[in-house]
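Have a look at the structure below, then the notes.
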Amino acid sequence: MTSTFGSCSPYPYLSAGVPGSFAYRTVKDRMPVILTKVIDFLCRNKHEILESSTAEAGSIEDLKLIIGKLSQLRSEMQTNKTLRPLEISSSHLRDGAKWNNELIEAKDSSSPQWFSSPWLLVECYMYRAIYCIFENSIHLKRLDPFSHMKEELIISQKYVLSQLVAYTNDLSQTITSASHLQANFMKLLEISLWANRNDLSLSGGNAETKPGSFLDDVEQLSSHILVNNANELWLYVEQVQKDFRNKELGIIMDNSGLEMVADLCLAVYCISHQLFDRVIFYVKKIPWFVSDTTFDDLQWALHYMEKDVPEMQCFASKCLGYLDSQQFQVVEEGYFTLPLPYHVMNKEDPDLYNKLSQSQLLIFKGDLNYRKLGADIDWPSTTTFEKFLQGFKPAPLVALRTIKAEIICDIPSTKVSELELLDKDWMTKGDYGLIQFIK
Ligand SMILES: [Mg+2]
């Protein structure tokens, strides 16, 4: 079996081996902070965790063992030890062979290390190793160590969420013309894009949304969309609406909280105006990159909204109704928690590739999806989106992403120089966005 990272790529993979790079700062500073937050949470909430329903009559020794293993993982990262093979032979994810093959064959090193191996491999490894520690425990196999952060995020964003769903509820009723239909679609697309700024893996677990400002921010931020193919996308959506009977939209999700609700808003709009007949939400199978959406997160949020103010209740019941009628479907796929880029999906997971190709449109949300679309390679900024994808196109697709990692395509070098003069960290703060579409 050949590995992805063992084979050559047209340009170097992003790596923490480049001092001063965002990848370096992530492995050196951000990732240890995330592990520390998980450890602190477990230490501070021992009794509640052991009494909770996910902990099957747990024992304190089991929890202590987990805390010890997480501390060991943090220490190995900070001292640049070898990435050890994961003990996941019995995992229900059945991903052990693929993971350990990538680790054995990792590029340029027979013993992959935190600060020298490809960043995509290293960062995904940390989250898979955390899950591995829980799934190998006796009593806490199903504990999501980030769920409290994701729930707090939704509670802290309650005001913004109620504004957003009220806005969407209104849009579902008041369409008067084709141009109105288009304008609302574009607006919800931009809302879904900028909601991607909210990312707990970037903020180290802190919720950052300023109450009340989000919908106004979206208006202001249009000029910060560096590539905006929304018009081409809309022309395609109109064509799909005319040409297909059984139209499917796939959304490959990123974060829970505001972003997940913004994606639901776009999906509700698409179904209620028959732009698509069905929306498939692809979520993570295991806790991932702190705030990434899992099936449990989606359910928790809808049930939370169901008990809230009337506009939230109305929106949640609409979503739950679409789930009942299967116009909304939530799909968990193991490929999304492998360290693999998307251009090898056809070979590594042909079933998923075929499933994605059933959709007339795929929306890839956020930075990690973008990094996987471009194989986490240090592409010249002028690379075309088509070249960046290296042949991956199960269906026409759009990347919606606020820029939070040093990977990009389709941007003239003069624009890059201009942005660097304005702010040398412009690629890592989520201040700029992309709507990149390929038919
Ligand atoms: Mg994320």
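Determine if the range 174-181 includes at least one residue that is within 16 Å of the ligand (Cβ to nearest atom) and in contact with a helix residue (DSSP H, G or I) (Cβ under 7 Å, 6 or more places away or on another chain). Scanning the range 174-181 turns up no residue that is within 16 Å of the ligand (Cβ to nearest atom) and in contact with a helix residue (DSSP H, G or I) (Cβ under 7 Å, 6 or more places away or on another chain). The number of residues in the range 347-370 being within 16 Å of the ligand (Cβ to nearest atom) and over 24 Å from Lys404 (Cβ atoms) comes to 0. Number of residues in the range 375-411 that are within 16 Å of the ligand (Cβ to nearest atom) and either at pLDDT below 95 or in a loop (DSSP other than H, G, I, E, B) (or both) equals 5.
Inside the range 251-288, can you point out the residues that are touching a helix residue (DSSP H, G or I) at 6+ places or on another chain (Cβ under 6 Å) and aromatic (Phe, Trp, Tyr)? Tyr269, Phe276, Trp288, listed by residue number. There is no residue in the range 286-296 that is more than 16 Å from the ligand (Cβ to nearest atom) and free of Cβ contacts under 8 Å to residues at least 40 places away in the same chain. Considering (1) modelled with pLDDT of 90 or more; (2) closer than 28 Å to Ser147 by Cβ; (3) among the charged types (D, E, K, R), the lone condition that Lys81 does not fulfil carries the number (2). The set of residues in the range 346-376 that are of a type in the set (A, V, I, L, M, F, W, C), surrounded by 22 or more Cβ atoms within 10 Å (Cβ to Cβ) and within 29 Å of Pro85 (Cβ to Cβ) comprises Leu368, Leu373, Ala375. Here Ile138 fulfils each of the conditions (1) crowded, with 19+ Cβ neighbours inside 10 Å; (2) in contact with an Asp or Glu (Cβ under 9 Å, 6 or more places away or on another chain) apart from (1).
A search for C-beta distances below 7 Å between a residue of the range 73-98 that is not assigned by TED's automatic domain parsing to the domain that holds Leu338 and any residue that is surrounded by 14 or more Cβ atoms within 10 Å (Cβ to Cβ) and among the hydroxyl-bearing types (Ser, Thr, Tyr), counting only pairs 6+ apart in sequence or on different chains, returns Arg74/Thr36; Leu83/Ser117; Leu83/Tyr125. Within the range 1-35, the set of residues being touching a helix residue (DSSP H, G or I) at 6+ places or on another chain (Cβ under 7 Å) and part of a helix (DSSP H, G or I) comprises Ala23, Thr26, Val27, Met31, Pro32, Leu35. Does any residue of the range 118-137 turn out to be of a type in the set (S, T, N, Q), in contact with a Ser or Thr (Cβ under 9 Å, 6 or more places away or on another chain) and within 30 Å of Leu233 (Cβ to Cβ)? So far as the range 118-137 goes, no, none of its residues is of a type in the set (S, T, N, Q), in contact with a Ser or Thr (Cβ under 9 Å, 6 or more places away or on another chain) and within 30 Å of Leu233 (Cβ to Cβ).
The values are calculated or read from the model by the stated rules, or taken from the named source; none is laboratory data. Note that the coordinates shown come from a computational prediction; the quantities given were computed from them, not determined experimentally. In this analysis, Cβ positions are derived from the backbone assuming ideal geometry, glycine residues included, and neighbour counts consider all displayed protein chains.
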